[in-house]
Amino acid sequence: MFKTYTFPEFDYVRSADQDTAQPVKHPVVIVGAGPMGMTAAVDLAQQGVPVVILDDNNTVSVGSRAVCYAKRFLDISDRLGVGQRIVDKGVTWNIGKVFLEEDHIYSFNMLPEEHHRRPGFINLQQYYLEEYYVDRINSLDTADLRWKNKLVNVEQQGDSVLLSIETPEGPYQLEAQYVIACDGANSKVRAMCGLESKGQIFQDRFLIADVIMDPKKFPPERWFWFNPPFHSGQSTLLHRQADNVWRIDFDLGWDADPEEEKKPENIIPRVKAFLGDDVEFDLEWASVYTFTCRRMDEFRQGNIFFAGDAAHQVSPFGARGANSGIEDTDNLCWKLKMVLDGKAPVTLLDSYSPERTFAADENILNSTRSTDFITPKNHVSRVFRDAVLNLSRNYTFARPLVNSGRLSVPPFLTESALNTADTEMFNCKVVPGAPCTDGSIVYNAEDDFLLSNLGNQFNGLLFVESHTDLTADILQGLTELAVQDVPVKTFVVASHEMELNLPEGSEMVIDKYGVVKERLDAQRGTFYLTRPDQLVTARMRRFDKEQIVAAQNKALGK
Amino acid sequence: MSTLIIEPNLPRPDDFYQTLTDLHRDLSDEQSMDVNARLILLLSNHIGDQAVLEQAMAIAREHIPAAE
Ligand SMILES: Cc1cc2nc3c(=O)[nH]c(=O)nc-3n(C[C@H](O)[C@H](O)[C@H](O)COP(=O)(O)OP(=O)(O)OC[C@H]3O[C@@H](n4cnc5c(N)ncnc54)[C@H](O)[C@@H]3O)c2cc1C
C-alpha cells in the first residue's frame, strides 16, 4: 500500500449506448485514459467536440512511471486548464548536476532565461497528473470517460471505425468518425491494425525505486552519478517528487535478475548504501525495467490516429515519453476540430503523421544517444565514455560531451508542409514550426504571460512602437482577419503603454521587459502568425494581409 | 567547407612521432587505449570542425572492408 497516495477507484457507469440496437456514432472516440488519451479528450472537449474515452481500468497509473514534466508540457497543460494544479503540487527544478565518483563535475540549467510563466521542469508522480486530468475531464460536459470499457476489436469501415468493447455488463459496439489510439506501449489498436512499432531494446536493466525521506538532505535538483562509490561501475539518478518522495534509478546491468532485484530485502541495502546509514527512508514503490526506443512507421491508418506510447517509445533518460505524447495530441486535436467543423479540408489531417514522426525521430535520437552514453554498447565506447568523464573533472571542453540525459525540449517542426518559409532574415531561436516563445506582458492593465493568451485559434502578433504604426490599411486588415471563417485574433504587441484604437478581434498587450520582441527578433511592423497549438507558422517584416491569409491557408492544408 | 589537410603539415615529423610513441611507453594496452581516447578528444575539440573530423574518421578506417 502507498503511504503518500490513495488510488482513486472510478465507477463503471452504464452508458445509454449499450442499450441501442445499432452502434451509436460519435465524432471522436479515444482509446485509453492514460496521460495522452486524457490530454486529447480535454483538448477536443473544451473546443466543443463531444468525445468518448474508453479505459480498460478504473484508476490512475499505479506505481513509478513518469516524474518529469517539461516546460512545453506545462504550457500545453495551461491551455488545457490543468497546468496550475500540476505546478502547485509538483516540485519545480531547473538545475541538473552530474557527479563522477565522489566529485561534482558538471551542472546544467534547463531554463537559462527569465520571464517565462513556467519553469524548465516540474516533478510530479504520474498518478497525480492523471488524477488532475480526470477531474478536468469530469468538469467538461462534452467528455464522456468510460471506465472498465475494454476495447477488444476495431474495424475500419469506409469513412468510419467500428469499435467492439467489453464491460462488466457485457459487450457493445460504437461507431466513430475518428479514433485516437492512446492505449500505450502494447497498443491493442496498433496490433489489430496489423501495425508494429519498430526499434531497439537496450541490453540493460534499471531498478526504479520511490522512497519517502526527509527533504532537507537533498535540494530539488536532478543529480546523476556515473560510477558512484555506493554503486560501483554503474550509474544512479536521484530526483525529488511531491510528498517528499524521491525517485532513485539504479543501473543494474543486463545480467541482473529482475525478480530478485525487486525484492525489498535487496532494494533496501542498495538505497542504504546510497543515502548513508543516518538517513531514514521508507520504500514506496519499486520496479525493474528494460528500456526501448521504437516507433511506428506512420502514426495514422485511415481514420485511426496513434498518439503517445502507442505511436513511439523512448528510454526515460531525457523524460521524452509523456512530454512528447502531449505534443502529439496538441498537434492533432485542432486539426480534427477544424476538419469536423468543415473549416479545413480533410487533407489537413495528412500533416499529423509527418509532423509527429519527425518529432519522434529527434526524441528517439536524443534518447538513444543518452542511453548509449550511460550504458556503453562495447568496450571502446566505454573507454571513450570514461575518458570524457575523467577529462571533464578538470577540462571544461569535455563537459558538453557528458550525456546523462538530454532533457525534453520540443522538436521544432522545421520540415512541416504547413509552414511558410521565411523570405526575410530573422535571427532568433524561434523559427516556423517551433512553439512561440513566452514572455512577461501587461494585458488589460494586469501582469500576464504571452503564452497564456495564445492558442485554440490562429493568432497574430504585430509589433508596434507608436500608434502611428497602425495605418488605416493595417487596421482594415486586422478587422478582416478577425471576421474570417477561420479568424485570426491579433495581439498588437506594444513596446510601451500607449493609446491604440483597435478594431474588434484585436487586442493590445505590452511587452513589459521587451523580451517578446527580443526573443522573436521582431522590429517595428513585424508580424508573426501562430497556429491553434501555439506553433509559429509564418512571419514577415511588414503586415501584409494577403500573405497572412495565404500562410493561414497553407497551415490549414488548403 | 573546410577540408582535412592530408599533405605533410608537421614541421618536425620525427620529433612528433617519437613524442607520440614515447607517450605510450610502459603502458598496458588498456592504458594506451585510455590515453588515445583522451588524445583524440582533446585534438577533436581543438579542431572543432565536424566536417574535418568526419573526413579524418573516414580515412582512418577506409582500409577496413565494410561489414557484409
Ligand atoms: C520508469 C519510467 C519513467 C518515466 N519517466 C518519464 C518522465 O519523467 N517524463 C515523461 O514525460 N515520461 C516518462 N515516462 C513515460 C510515460 O510514463 C509514458 O510516456 C506515458 O505514460 C504515455 O502515456 P500514454 O497515455 O501514451 O500511455 P499509457 O500511460 O500507457 O496509458 C494507456 C492507457 O490505455 C489503457 N488501455 C490499454 N489498452 C486498452 C484497451 N484495450 N481498452 C481500453 N483501454 C486500454 C490503459 O489502461 C492506460 O490507461 C516514464 C516511463 C517509465 C516506465
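The values are calculated or read from the model by the stated rules, or taken from the named source; none is laboratory data. From a predicted model like this one, the values you see are computed outputs, not experimental measurements. Counting neighbours? That spans all protein chains shown, and the Cβs are built from the backbone with ideal geometry, glycine included. Heads up: the accessible areas ignore ligands, DNA and RNA and are worked out on the full protein's heavy atoms, side chains in. Shrake-Rupley method; radii C 1.70, N 1.55, O 1.52, S 1.80 Å.
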Requested in this report: Hand me the list of strands (runs of 3 or more DSSP E) wholly inside the stretch A:131-238 holding 3 or more residues that are in contact with a strand residue (DSSP E or B) (Cβ under 6 Å, 6 or more places away or on another chain) and surrounded by 15 or more Cβ atoms within 10 Å (Cβ to Cβ).
Outcome: A:143-146, A:150-157, A:160-167, A:170-181, A:206-213, A:222-226
Requested in this report: Return the only residue of B:GLN55, B:GLN31 being polar (S, T, N, Q), within 14 Å of chain A (Cβ to nearest Cβ) and out of contact with any Asp or Glu (no Cβ under 6 Å at 6 or more places or on another chain).
Outcome: B:GLN31
Report task. Report the residue count in the stretch A:52-93 for those that are in a loop (DSSP other than H, G, I, E, B), within 30 Å of A:GLU113 (Cβ to Cβ) and over 17 Å from the mean Cα position of the chain (by Cα). Result -> 0
Query raised in the report: So A:CYS428 fits all but one of (1) at pLDDT below 95; (2) loosely packed, with under 15 Cβ neighbours inside 10 Å; what number is the exception?
Result: (1)
Requested in this report: With respect to A:ASP75, determine if the residue is surrounded by fewer than 19 Cβ atoms within 10 Å (Cβ to Cβ), of a type in the set (Asp, Glu) and out of contact with any Phe, Trp or Tyr (no Cβ under 8 Å at 6 or more places or on another chain).
Outcome: no
Query - Among the residues listed as A:LEU418, A:LEU391, the single one being away from chain B (no Cβ under 11 Å) and either aliphatic (A, V, I, L, M) or assigned to a loop (DSSP other than H, G, I, E, B) (or both) - result: A:LEU418
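Conditions (1) of a type in the set (A, V, I, L, M); (2) crowded, with 16+ Cβ neighbours inside 10 Å, marked per residue:
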position	(1), (2)
A:TYR5	no, yes
A:GLU9	no, no
A:LYS25	no, no
A:GLY32	no, yes
A:THR39	no, yes
A:VAL42	yes, yes
**Report entry** Residue satisfying condition, being more than 27 Å from the chain's Cα centre (by Cα) and at pLDDT below 95, within set A:GLY170, A:GLY158
**Finding:** A:GLY158
**Report entry** Search result, residues across the stretch A:518-542 that are surrounded by 23 or more Cβ atoms within 10 Å (Cβ to Cβ), over 26 Å from the mean Cα position of the chain (by Cα) and not aliphatic (A, V, I, L, M)
**Finding:** A:PHE527
Requested in this report: Give the residue that is farthest from the other protein chains (Cβ to nearest Cβ), with candidates limited to residues of the stretch A:311-352 that are away from the ligand (no atom under 16 Å from the Cβ) and under 26 Å from A:CYS293 (Cα atoms).
Outcome: A:LEU349
Requested in this report: Filter the stretch A:394-412 down to residues that are polar (S, T, N, Q), more than 11 Å from every other protein chain (Cβ to nearest Cβ) and either more than 16 Å from A:ASN109 (Cα to Cα) or open to solvent by 70 Å² or more (accessible area, probe 1.4 Å) (or both), then give me how many there are.
Outcome: 1
Requested in this report: Pick out the one residue from B:LEU10, B:LEU23 that is more than 14 Å from every other protein chain (Cβ to nearest Cβ), open to solvent by 60 Å² or more (accessible area, probe 1.4 Å) and touching a Ser or Thr at 6+ places or on another chain (Cβ under 9 Å).
Outcome: B:LEU23
Requested in this report: Sort out which residues of the stretch A:133-156 are more than 10 Å from the ligand (Cβ to nearest atom), over 25 Å from A:PHE73 (Cα atoms) and free of Cβ contacts under 8 Å to residues at least 60 places away in the same chain, and write them in order of number.
Outcome: A:GLU155
Query raised in the report: Residue check, A:ASP485 against (1) over 13 Å from A:CYS436 (Cα atoms); (2) in a strand (DSSP E or B), all met but one. Which one?
Result: (2)
